[in-house]
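The values are calculated or read from the model by the stated rules, or taken from the named source; none is laboratory data. Since we're looking at a predicted model, the values are computed, not measured. Cβ placement follows ideal geometry from the backbone for every residue including glycine, while neighbour counts extend to all protein chains displayed. Heads up: the accessible areas ignore ligands, DNA and RNA and are worked out on the full protein's heavy atoms, side chains in. Shrake-Rupley method; radii C 1.70, N 1.55, O 1.52, S 1.80 Å.
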Amino acid sequence: MQIIPFKEPAAWQAQITLTSVIFILYFKWNALNKYWVMNINNRNYEPILLGVKVVPNFNLTAQFAAIQDMPFGDILCQNILDQWGDIERFDMGETTELIYYEAGEIETLIEVNA
């Protein structure tokens with residue numbers, strides 16, 4: 001498990017290593033509709049996945065696992081206060097966290113908690 005640090009600006013990008021592979025994650029706040037959007041690029045800034053709405057308590061990448069060059073694990077947005085609802089502009093890092101789980105890690109956590 002790896003927490004992806006979230007920055008405060010309304011649009012930002014960061015280079016991050018996930019399962020030993022470098023990715024460029026880009027986030028932008030959609031002020032009109034009030035939600036965050038995530039893009040995943042490879043280390044050369046070539047797009048892998050664009051325009052994913054960041055939704056709390058949901059696996060953001062599982063449905064795209066078949067796309068070439070995707071991270072091997074899963075990126076989830078988790079509400080750390082165990083609440084549901086929309087993410088507000090400054091909630092990331094405060095009430096919600098982006099968490100990267102290595103392949104198989106989620107299944108192991110589910111088994112342990114069952």
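Taking the range 1-59 and the strands (runs of 3 or more DSSP E) fully enclosed by it, the elements with 2 or more residues that are at pLDDT 95 or above and within 18 Å of ILE99 (Cα to Cα) are at 11-18, 21-30, 35-42, 47-53. Kindly list, by first and then second residue, each pair from a residue in the range 1-28 that is closer than 16 Å to VAL52 by Cα and in contact (Cβ under 8 Å) with a residue 12 or more places away in the chain to a residue that is outside any strand (DSSP E or B) and open to solvent by 50 Å² or more (accessible area, probe 1.4 Å), limited to pairs with Cβ atoms under 6 Å and residues at least 6 apart or on different chains. Cβ pairs passing all conditions: ILE24/TYR45. Do we have any residue at all in the range 89-98 that's among the β-branched types (Val, Ile, Thr), free of Cβ contacts under 8 Å to residues at least 40 places away in the same chain and not in a loop (DSSP other than H, G, I, E, B)? No, that holds for no residue. Within the range 89-102, can one find any residue that is more than 20 Å from LYS28 (Cα to Cα) and modelled with pLDDT of 85 or more? Scanning the range 89-102 turns up at least one residue that is more than 20 Å from LYS28 (Cα to Cα) and modelled with pLDDT of 85 or more.
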